[in-house]
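Input: a single structure, listed below in C-alpha cells.
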Amino acid sequence: MKSTEESRKKVDVVVVGAGPGGSAVAKKCAEAGLETVLFEARKLPRDKVCSGLIVGSAAQRIVREAFGEIPKKILADPYYYNGVTVYVPGTKPRPIENKIPVGWRRDLDFWMTQKAMDAGAKVYDECRIKSVKAAKDGVNVVFSRDGGESSITASYVVGADGVRSAVRRSMFPALKVNYQEEIRECYEGSFPLDRMYFHAFYIPGKSWFDINHKGPHFCLEVSAKPGELKDRLRQAKEILSKEYGFDPHTKPLWKDSCMEPRIHEQLIDGSFEPAKDRILLIGDAAGFQLPNSEGIGTAILSGIMAAESIVDAHKHGDGAAKKYLQKTAAIVSAIDSQLVMAKNSRYKETDWDIEEIAEGIHSLMKYAMFQDTF
C-alpha cells in the first residue's frame, strides 16, 4: 500500500493472504459490493512449496465454481495427470485414475488473485501484518511496508495467511499448533516414471514422499514430523536409487521447504474455533487442510463460506463468526471422516502384512480423491 491516506481509511473487508482462499474471499466480497483490500506479505506473483495439483473431485468442482475453468496457459506440461499411482515398498504399484490439473502454485495462485482484482478488490503486496485487534469501530490491522508501519480499519478481517498465520497468532496467542515439515527438491530432466501420473510413496510408519513432473523438471517432495525431515529425505533417495537408478548425489536446480499445520484434534473437539467476532480464519490458517494434505479445495471453500457469512452479516447485522462456524462444520466433518478411516484402516501399523498396509493406503487415497461431501 503506497498511500498514507489510503492506509488510514476504513474499508468493509481486509483479507490477509493472496493464496486461493484469500483470493476467493476477496473476489466474492468485491462482487457483493463491499470495499475489499487484499494484503500479501510477499511480492506477487509468489511461489509456494506445493505439488500444485487440484487433486480431488470436490476440489476441482470448487475451483470451477469460484474462478471458472483453469486456462491451459496457467497449467504446467503435462497440464493434466491421468491420476495418482500409490507405492508401498515391497508391493506392486496401485494406480487411481482421475484427471488432475497440475501447475506451479505461482501461476495458479496469481490467476486467482487477478480474478479478485477483476472483481474490484484492491491488492497490495509486500505488506506484513504486525497485529490484528478488535476496535470500537471494527478491526484494526497494523502492518509494515517500505520500512514503516501503518494501520487500516475494517468492518471484517479474514486471515488467509497460511500455516504461520499472523492473524491467528493475534487472535489465539496461546493456541498450540503441531506441524508437519515438507521439503521440495526440483531437478532438470525426467524421472523414469510415467510423467502423466503423480507418484505417491509411503514408507510404513514413517513418512510420505512423491515424484511429480512439470515441464522440463521433476520434483521430489518429502513430508515428515519435525526433526525427522533430513533422515526421511535420505531414505527416500535410497529407495529411488535402489528401485529406479536415481543418483542420490545429484544436485537439484533448487530446493525449498514449508510447514503444514495440524490442528485437526482441536477443530474436532471444539477447543479451537477459527472465528471470533469480526475476524475469520480460512484455509491453512484455520487448520482446514485435509489429513491427506489436500488444502486448495478447502481453502477456497472456506473462503467462499467466509465471504457469504460477511455479506449476510453486512446486510442483516453482526453475526458473521457464528454463521461462518455453522458453515465450516462440513469441513470439520470431512476432516474427522478421513481421520476415522485412517484409524480404522490401521495403515500406520508396521506389524501388519505389507499388502494389507498397501491396500489401506490405496483405499484412503481413493476415498480422499473422490469424496464430495461439501
Is it true that some residue in segment 196-204 is more than 19 Å from V88 (Cβ to Cβ) and crowded, with 16+ Cβ neighbours inside 10 Å?
no
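Does E308 satisfy the condition of being surrounded by fewer than 15 Cβ atoms within 10 Å (Cβ to Cβ), assigned to a helix (DSSP H, G or I) and of a type in the set (D, E)?
Working: surrounded by fewer than 15 Cβ atoms within 10 Å (Cβ to Cβ): no; assigned to a helix (DSSP H, G or I): yes; of a type in the set (D, E): yes.
No; evaluated as a whole, the condition is false for this residue.
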So, first residue under 16 Å from G21 (Cα atoms) in segment 51-72, second residue buried (at least 16 other Cβ atoms within 10 Å of the Cβ) and of a type in the set (K, R), Cβ within less than 8 Å, six or more apart or across chains; the pairs are G52/R105; G52/K214; A66/K27; A66/K28; F67/K27; F67/K115; G68/K115
From the set of residues in segment 265-293 that are closer than 30 Å to V86 by Cβ and of a type in the set (V, I, T), which is farthest from the chain's Cα centre (by Cα)?
I268
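So, of the residues in segment 200-215 that are within 16 Å of A76 (Cβ to Cβ) and touching a residue at least 40 places away in the same chain (Cβ under 8 Å), which turns out to be farthest from the chain's Cα centre (by Cα)? Show your work before the answer.
We begin by selecting, within segment 200-215, every residue within 16 Å of A76 (Cβ to Cβ); these are 210-215.
Okay, now just the ones that are also touching a residue at least 40 places away in the same chain (Cβ under 8 Å), so 210, 212-215.
Values: D210: 17, N212: 18, H213: 20, K214: 19, G215: 22 Å.
Selected residue: G215.
Which one is farthest from D194 (Cα to Cα), of the residues in segment 73-106 that are of a type in the set (S, T, Y) and either free of Cβ contacts under 8 Å to residues at least 12 places away in the same chain or not in a strand (DSSP E or B) (or both)? Reasoning before the result, please.
The first filter runs over segment 73-106 and keeps only residues of a type in the set (S, T, Y), leaving 79-81, 85, 87, 91.
Narrowing further to those that are either free of Cβ contacts under 8 Å to residues at least 12 places away in the same chain or not in a strand (DSSP E or B) (or both): 79, 91.
Numbers: Y79: 14, T91: 18 Å.
Once the filter is applied, the top-ranked residue is T91.
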Per the filter on segment 176-192, residues touching a residue at least 60 places away in the same chain (Cβ under 8 Å) and not charged (D, E, K, R) are V177, N178, Y179, Q180, I183, C186, Y187
Consider segment 242-262. How many of its residues are within 12 Å of F191 (Cβ to Cβ) and small (G, A, S)?
1
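Taking segment 24-47 as the search range and keeping residues that are outside any loop (DSSP other than H, G, I, E, B) and of a type in the set (G, A, S), which one is farthest from V139 (Cα to Cα)?
Applying the first criterion (outside any loop (DSSP other than H, G, I, E, B)) to segment 24-47 yields 24-31, 36-39.
After this cut, where a residue has to be of a type in the set (G, A, S) as well, the list is 24, 26, 30.
Values: A24: 21, A26: 17, A30: 18 Å.
Per the stated criteria, the residue is A24.
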May I ask you to list the residues in segment 244-264 that are under 16 Å from H213 (Cβ atoms) and without any contact (Cβ under 8 Å) to a residue 60 or more places away in the chain?
Y244, F246
For a quick check of your reading of the model, give me the residue pairs whose first member lies in segment 323-349 and is assigned by TED's automatic domain parsing to the domain that holds Q266 and β-branched (V, I, T), whose second is at pLDDT 85 or above and surrounded by fewer than 18 Cβ atoms within 10 Å (Cβ to Cβ), with beta-carbon atoms closer than 7 Å and at least 6 apart or on different chains.
V332/I268; I335/I268
With in the same structural domain as F209 (by TED's automatic domain parsing) and surrounded by fewer than 21 Cβ atoms within 10 Å (Cβ to Cβ) as the only criterion, which of F272, F246 stands out?
F246
Residue that is in contact (Cβ under 8 Å) with a residue 40 or more places away in the chain and crowded, with 24+ Cβ neighbours inside 10 Å, where the choices are E40, E31
E40
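Residue-by-condition table, conditions (1) exposed (fewer than 14 other Cβ atoms within 10 Å of the Cβ); (2) under 20 Å from the mean Cα position of the chain (by Cα); (3) farther than 26 Å from K48 by Cβ:
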residue	(1), (2), (3)
K122	no, no, no
C127	no, no, no
V132	no, no, no
F143	no, no, no
G147	yes, no, no
Y156	no, no, no
D161	no, yes, no
V167	no, yes, no
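The values are calculated or read from the model by the stated rules, or taken from the named source; none is laboratory data. Only a predicted model underlies this, so the values are computations on that prediction, with no experimental measurement involved. Please note: Cβ atoms are built from the backbone with ideal geometry, for glycine as well, and neighbour counts cover all protein chains shown.
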